[in-house]
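Okay, so here's the structure we're looking at.
The values are calculated or read from the model by the stated rules, or taken from the named source; none is laboratory data. None of these values were measured; they are calculated from a predicted model. So basically every Cβ, Gly included, is an ideal-geometry build from the backbone, and we count neighbours across all protein chains shown. Accessible surface areas use protein heavy atoms only, side chains included; no ligands, DNA or RNA. Shrake-Rupley method; radii C 1.70, N 1.55, O 1.52, S 1.80 Å.
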Amino acid sequence: MFHIAIPSLSRTNQLKNKTYKFLKNEGFEDSEINIFVIDKEYDEYRSAFPECNIIIGRLGVKNQKNYIQDYFENESYILQLDDDIEGYYHTNPIGSASLVPQISIINKMIEKDTTLWAPYPCPNAFFMDKATVKDDVLCYCAGAMILYKNLRLMRTYDIIEDFEFSLLHHLNGKIYRESEFTFKAGAYTNPGGIQSLNIRNKNSKLQAVQKFVKENSIYAKLKMKSDGWADIKFINTKKQTTKPLIKTVKDII
(Lines give C-alpha, C1' and ligand atoms only; values in the text may rest on other atoms or scores of the structure.)
Protein backbone atom coordinates (compact mmCIF):
# COMPACT_ATOMS: atom_id res chain seq x y z
CA MET A 1 0.00 0.00 0.00
CA PHE A 2 1.08 3.58 -0.74
CA HIS A 3 -0.17 6.70 1.05
CA ILE A 4 0.43 10.46 0.93
CA ALA A 5 0.50 12.13 4.35
CA ILE A 6 0.74 15.86 5.09
CA PRO A 7 0.88 17.01 8.71
CA SER A 8 -0.36 20.61 8.86
CA LEU A 9 -1.01 23.18 11.57
CA SER A 10 -2.64 26.59 11.06
CA ARG A 11 -1.63 26.71 7.39
CA THR A 12 -4.65 26.13 5.16
CA ASN A 13 -3.75 28.91 2.72
CA GLN A 14 -0.10 27.93 2.55
CA LEU A 15 -0.95 24.27 2.03
CA LYS A 16 -3.38 25.18 -0.77
CA ASN A 17 -0.83 27.39 -2.54
CA LYS A 18 2.18 25.13 -2.07
CA THR A 19 2.12 21.39 -1.30
CA TYR A 20 -1.47 20.82 -2.46
CA LYS A 21 -0.82 22.74 -5.67
CA PHE A 22 2.44 20.84 -6.15
CA LEU A 23 0.71 17.46 -5.76
CA LYS A 24 -2.12 18.44 -8.12
CA ASN A 25 0.41 19.56 -10.72
CA GLU A 26 2.05 16.14 -10.34
CA GLY A 27 -1.26 14.47 -11.18
CA PHE A 28 -2.38 13.21 -7.77
CA GLU A 29 -6.11 13.11 -7.02
CA ASP A 30 -7.66 14.76 -3.97
CA SER A 31 -8.79 11.34 -2.75
CA GLU A 32 -5.12 10.27 -2.51
CA ILE A 33 -4.16 13.18 -0.25
CA ASN A 34 -4.35 12.66 3.52
CA ILE A 35 -4.04 15.81 5.65
CA PHE A 36 -3.41 15.35 9.37
CA VAL A 37 -4.70 18.19 11.56
CA ILE A 38 -5.62 18.93 15.16
CA ASP A 39 -9.20 18.69 16.38
CA LYS A 40 -9.98 22.41 16.61
CA GLU A 41 -8.81 23.03 13.03
CA TYR A 42 -10.70 20.14 11.43
CA ASP A 43 -13.62 22.23 10.12
CA GLU A 44 -11.27 24.84 8.64
CA TYR A 45 -9.30 22.23 6.70
CA ARG A 46 -12.44 20.34 5.69
CA SER A 47 -13.83 23.54 4.19
CA ALA A 48 -10.57 24.35 2.39
CA PHE A 49 -10.02 20.80 1.05
CA PRO A 50 -13.46 19.19 0.78
CA GLU A 51 -12.35 16.28 -1.44
CA CYS A 52 -9.19 15.36 0.51
CA ASN A 53 -9.05 13.03 3.49
CA ILE A 54 -8.87 15.24 6.60
CA ILE A 55 -7.74 13.24 9.62
CA ILE A 56 -7.66 14.40 13.23
CA GLY A 57 -4.27 13.52 14.61
CA ARG A 58 -2.22 14.86 17.49
CA LEU A 59 -0.72 18.20 18.52
CA GLY A 60 3.05 18.43 18.31
CA VAL A 61 5.58 17.51 15.64
CA LYS A 62 6.64 14.12 16.96
CA ASN A 63 3.11 13.26 18.14
CA GLN A 64 1.56 13.98 14.76
CA LYS A 65 4.23 12.12 12.78
CA ASN A 66 4.07 9.16 15.15
CA TYR A 67 0.30 9.14 14.73
CA ILE A 68 0.68 9.01 10.95
CA GLN A 69 2.65 5.77 11.34
CA ASP A 70 0.05 4.33 13.70
CA TYR A 71 -2.77 5.36 11.35
CA PHE A 72 -1.45 3.54 8.27
CA GLU A 73 -0.74 -0.16 7.86
CA ASN A 74 2.49 -1.68 9.09
CA GLU A 75 5.07 -1.91 6.27
CA SER A 76 3.00 0.24 3.92
CA TYR A 77 4.84 3.02 2.07
CA ILE A 78 4.22 6.62 3.11
CA LEU A 79 5.16 9.72 1.14
CA GLN A 80 5.27 12.32 3.89
CA LEU A 81 5.41 15.99 2.92
CA ASP A 82 5.49 19.25 4.83
CA ASP A 83 2.73 21.68 3.92
CA ASP A 84 5.08 24.22 2.31
CA ILE A 85 6.65 22.27 -0.57
CA GLU A 86 7.17 24.61 -3.52
CA GLY A 87 8.83 22.31 -6.02
CA TYR A 88 10.91 19.26 -6.85
CA TYR A 89 14.08 19.68 -8.86
CA HIS A 90 16.64 17.67 -10.79
CA THR A 91 20.31 18.58 -10.14
CA ASN A 92 19.99 22.25 -11.02
CA PRO A 93 17.33 23.88 -8.82
CA ILE A 94 16.75 26.57 -11.44
CA GLY A 95 14.77 24.10 -13.54
CA SER A 96 11.90 22.08 -12.13
CA ALA A 97 11.42 18.35 -12.69
CA SER A 98 8.50 16.01 -12.36
CA LEU A 99 8.36 13.96 -9.20
CA VAL A 100 9.39 10.43 -10.14
CA PRO A 101 6.30 8.19 -9.93
CA GLN A 102 6.32 6.86 -6.40
CA ILE A 103 5.95 3.27 -7.54
CA SER A 104 9.31 3.64 -9.29
CA ILE A 105 10.95 4.87 -6.09
CA ILE A 106 9.29 2.09 -4.11
CA ASN A 107 10.57 -0.50 -6.58
CA LYS A 108 14.04 1.00 -6.26
CA MET A 109 13.78 0.83 -2.46
CA ILE A 110 12.68 -2.80 -2.61
CA GLU A 111 15.51 -3.62 -5.02
CA LYS A 112 18.08 -1.98 -2.75
CA ASP A 113 16.37 -3.29 0.42
CA THR A 114 16.04 0.25 1.80
CA THR A 115 13.35 1.65 4.10
CA LEU A 116 13.82 5.43 3.88
CA TRP A 117 14.17 7.49 0.68
CA ALA A 118 14.85 11.21 0.55
CA PRO A 119 16.06 13.75 -2.00
CA TYR A 120 19.09 15.95 -1.31
CA PRO A 121 18.14 18.28 1.59
CA CYS A 122 19.60 21.52 0.21
CA PRO A 123 18.59 23.09 -3.14
CA ASN A 124 22.14 24.10 -4.02
CA ALA A 125 23.44 22.93 -7.40
CA PHE A 126 27.09 23.36 -6.35
CA PHE A 127 26.80 20.91 -3.43
CA MET A 128 24.52 18.55 -5.34
CA ASP A 129 27.08 18.22 -8.15
CA LYS A 130 29.70 17.16 -5.60
CA ALA A 131 27.40 14.83 -3.66
CA THR A 132 27.05 11.10 -4.25
CA VAL A 133 24.04 8.87 -3.85
CA LYS A 134 23.92 7.58 -0.29
CA ASP A 135 23.02 3.92 -0.11
CA ASP A 136 23.02 2.21 3.30
CA VAL A 137 24.99 5.11 4.80
CA LEU A 138 23.92 7.16 7.80
CA CYS A 139 22.98 10.60 6.48
CA TYR A 140 20.48 13.33 7.22
CA CYS A 141 17.09 12.98 5.52
CA ALA A 142 15.04 16.17 5.72
CA GLY A 143 11.52 15.25 6.81
CA ALA A 144 9.96 17.86 4.54
CA MET A 145 9.92 15.23 1.77
CA ILE A 146 10.51 11.56 2.58
CA LEU A 147 9.19 8.23 1.42
CA TYR A 148 9.49 5.45 3.96
CA LYS A 149 8.42 1.93 4.72
CA ASN A 150 6.27 2.06 7.82
CA LEU A 151 8.30 0.23 10.44
CA ARG A 152 6.60 2.28 13.17
CA LEU A 153 9.85 3.82 14.35
CA MET A 154 8.58 6.32 16.89
CA ARG A 155 10.16 9.71 17.39
CA THR A 156 10.93 11.10 20.83
CA TYR A 157 12.15 14.56 19.76
CA ASP A 158 10.16 17.49 18.37
CA ILE A 159 12.75 19.99 17.18
CA ILE A 160 15.31 17.56 15.73
CA GLU A 161 13.00 14.69 14.87
CA ASP A 162 14.39 14.47 11.31
CA PHE A 163 17.82 13.50 12.62
CA GLU A 164 16.30 10.97 15.01
CA PHE A 165 14.16 9.42 12.25
CA SER A 166 17.19 9.19 9.95
CA LEU A 167 19.19 7.40 12.63
CA LEU A 168 16.31 5.06 13.49
CA HIS A 169 16.01 3.97 9.86
CA HIS A 170 19.76 3.55 9.55
CA LEU A 171 19.81 1.25 12.57
CA ASN A 172 16.57 -0.64 11.90
CA GLY A 173 16.45 -0.49 8.12
CA LYS A 174 18.46 1.22 5.40
CA ILE A 175 18.62 4.77 3.99
CA TYR A 176 18.68 5.70 0.32
CA ARG A 177 19.25 9.41 -0.31
CA GLU A 178 19.39 10.79 -3.84
CA SER A 179 21.95 13.43 -4.84
CA GLU A 180 20.39 14.24 -8.21
CA PHE A 181 17.05 15.45 -6.83
CA THR A 182 16.13 18.08 -4.29
CA PHE A 183 13.12 20.15 -3.19
CA LYS A 184 12.28 23.65 -2.06
CA ALA A 185 10.30 24.35 1.11
CA GLY A 186 9.83 27.10 3.67
CA ALA A 187 12.34 25.78 6.22
CA TYR A 188 10.77 27.46 9.27
CA THR A 189 10.40 30.82 7.52
CA ASN A 190 6.64 30.69 7.03
CA PRO A 191 4.01 31.41 9.71
CA GLY A 192 2.12 28.53 11.30
CA GLY A 193 3.52 25.04 11.74
CA ILE A 194 6.15 24.48 14.41
CA GLN A 195 6.57 28.26 14.74
CA SER A 196 3.03 28.55 16.13
CA LEU A 197 3.94 26.16 18.95
CA ASN A 198 6.69 28.53 20.08
CA ILE A 199 9.08 25.70 20.96
CA ARG A 200 11.90 26.29 18.48
CA ASN A 201 14.59 28.80 19.41
CA LYS A 202 18.37 28.73 19.71
CA ASN A 203 18.34 27.59 23.33
CA SER A 204 15.69 24.87 22.95
CA LYS A 205 17.41 23.46 19.88
CA LEU A 206 20.81 23.51 21.60
CA GLN A 207 19.37 21.54 24.52
CA ALA A 208 17.78 19.01 22.15
CA VAL A 209 21.00 18.60 20.16
CA GLN A 210 23.07 18.15 23.33
CA LYS A 211 20.68 15.48 24.59
CA PHE A 212 20.64 13.68 21.23
CA VAL A 213 24.44 13.72 20.95
CA LYS A 214 24.81 12.43 24.50
CA GLU A 215 22.42 9.55 23.77
CA ASN A 216 24.00 8.76 20.40
CA SER A 217 27.63 9.76 20.84
CA ILE A 218 28.96 7.04 18.52
CA TYR A 219 26.86 8.42 15.66
CA ALA A 220 26.56 12.16 16.15
CA LYS A 221 28.33 15.26 17.39
CA LEU A 222 27.30 18.84 18.03
CA LYS A 223 28.08 21.43 15.38
CA MET A 224 27.61 25.16 15.95
CA LYS A 225 26.67 27.07 12.81
CA SER A 226 27.91 30.57 12.03
CA ASP A 227 24.47 32.01 12.80
CA GLY A 228 24.59 30.69 16.36
CA TRP A 229 22.21 27.75 15.86
CA ALA A 230 23.23 24.31 17.09
CA ASP A 231 23.12 21.46 14.61
CA ILE A 232 23.94 17.75 14.39
CA LYS A 233 26.68 16.16 12.32
CA PHE A 234 26.57 12.41 11.81
CA ILE A 235 30.02 10.89 12.29
CA ASN A 236 29.64 7.13 12.07
CA THR A 237 28.08 5.02 9.35
CA LYS A 238 28.43 1.62 10.97
CA LYS A 239 25.52 0.02 12.78
CA GLN A 240 26.45 -0.55 16.42
CA THR A 241 23.81 -1.52 18.92
CA THR A 242 23.40 -3.75 21.93
CA LYS A 243 19.78 -2.92 22.73
CA PRO A 244 16.41 -2.94 20.93
CA LEU A 245 16.07 0.19 18.81
CA ILE A 246 12.49 0.14 17.60
CA LYS A 247 10.41 2.45 19.76
CA THR A 248 6.68 2.05 20.06
CA VAL A 249 4.08 4.45 21.40
CA LYS A 250 4.08 2.44 24.63
CA ASP A 251 7.82 3.02 25.00
CA ILE A 252 7.58 6.80 24.84
CA ILE A 253 4.40 7.52 26.81
Once Lys21 and Glu111 are pulled to full extension, the length gained, defined as 0.36 nm per residue separation minus their Cα-Cα distance, is 29.3 nm
Nearest-0.05 FRET efficiency for Asp136 and Glu75 at R0 = 25 Å, using Cβ-Cβ distance, is 0.85
Here the FRET efficiency for Phe28 versus Leu59, based on Cβ atoms and R0 = 35 Å and rounded to 0.05, is 0.85
On the accessible surface of the range 1-156, probed at 1.4 Å with all protein chains in place, carbon and sulfur together account for a percent value of 48 percent
1/(1 + (r/R0)^6) with r = Cβ-Cβ of Asn236 and Gln207, R0 = 30 Å, i.e. FRET efficiency to nearest 0.05, evaluates to 0.85
The extension gain from Leu151 to Ile103, computed as 0.36 nm times the residue separation minus the Cα-Cα distance, is 15.4 nm
For the range 112-164, shape from the Cα gyration tensor axes a ≥ b ≥ c, cut at a/c of 1.5 then a/b versus b/c, turns out oblate
Rounded to one decimal in nm, the spacing of the 7 Å Cα→Cβ label points at Phe2 and Glu86 is 2.7 nm
With 0.36 nm assigned to each residue of separation and the Cα-Cα distance removed, Arg46 to Ala125 gains 24.6 nm
